[in-house]
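The structure appears right after this line, and notes come after that.
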Amino acid sequence: MAKKQKKPSAKKQPSKFLYWMIGLVAVCIIGLVVLANLPKDGFDFDYTDQPFLGEKSADVNIVEFGDYKCPVCKNFNQSFFPLIEKDLINTGKAKFYYMNYPFIHPVDSTRAAVFAEAVYAELGNDTFWKFHELLYEKQPDDTSKENVELNTEEFLKETLKEVTSDENVEKVAKAYSSETYQKRVDKDLSYVDTLNITGTPTIYVNGVKFEGNSYEEFQEMVDKAAK
Ligand code: CA
């Protein structure tokens, strides 16, 4: 009898322990999922060698993924960006980074992106932003042109010539065909893959994707990230 009574209780103990363990693991998994969704745990970009506007000390890092052939990016650059610049960059709240996601035109998009990376590396941040601005400005308003090859080396050099010296243009023209600047675009593209970005412009605030539609929502997101 004593032996029979002991056996069932010996079997029950491990099963209780098993349920307890399953419960604990489930709590841990739920905890991790909740943590992963908290805005403060945004994607950790490496901002080295990326052009930016704003003060180095600014708390908030805004990233735009763009394509120089993208009409919506041109629109963003002319309507949304000036507001960001006035309210968030010039006030020292945020830094604004531009990363490349060239995908619209098989040749033009990548050529402009690589050339722009070379402008940044060879001539510095100020010239990069002037060139960047001008390149979007020169993008034709006729959106059917996004399928036409326009960003030839000649065109890119002519555009750069409007913001810097002939000597500097030649410096970039020589440098941009080296693998270095293609690799910088590839680095930006690795983020596109990792984050599963599917279009341009796509905006991140401290590593968290902006999903709203209005400037007010964006401003609110940056304000929260600054706290
Ligand atoms: Ca880049």
If each residue's Cβ is checked for other Cβ atoms within 10 Å, how do Lys209, Lys174, Lys227 rank with the fewest at the top?
-> Lys227, Lys174, Lys209
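Can you pull out the GluC sites (Glu not before Pro) in region 136-227 that DSSP calls coil and that have at most 16 other Cβ atoms within 10 Å? Write out the running numbers ahead of the final one.
Values: sites: Glu137, Glu146, Glu149, Glu153, Glu154, Glu158, Glu162, Glu167, Glu170, Glu179, Glu211, Glu216, Glu217, Glu220; in loops: Glu149, Glu162, Glu211.
Passing sites in region 136-227 are Glu149, Glu162, Glu211.
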Only bridges with both residues in region 44-116 count here: give the DSSP antiparallel percent, nearest 5.
-> 20
Determine the sum of side-chain charges near Thr164: Lys and Arg each +1, Asp and Glu each -1, restricted to other residues whose C-beta is under 15 angstrom from that of Thr164.
-> -3
Hz values of 3J(HN,Hα) by residue in region 208-221 - Karplus curve (6.51, -1.76, 1.60), Gly and Pro given as x | 10, 5, 7, 10, x, 10, 10, 5, 4, 5, 5, 4, 5, 4
Using mean Cβ contacts within 10 Å as the protection proxy, how do 90-98, 112-120 order, highest first?
-> 112-120, 90-98
Checked against a 22 Å limit on the C-alpha separation, the offending pairs among Lys183/Lys224; Lys86/Lys171; Lys93/Lys227 are Lys183/Lys224; Lys86/Lys171
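In what sequence do Leu83, Leu156 fall when counting other Cβ within 10 Å, fewest first?
Leu83, Leu156
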Which whole-number percent gives the relative contact order of region 48-178, counting Cα pairs below 8 Å spaced six or more residues apart?
-> 30
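Every read-out reported here was derived from the displayed coordinates using simple, explicitly stated rules and does not represent laboratory data. Given the structure is predicted, the values throughout are model-derived calculations rather than measurements. Ideal geometry is used to build each Cβ from the backbone, glycine not excepted, and the neighbour counts take in all protein chains shown.
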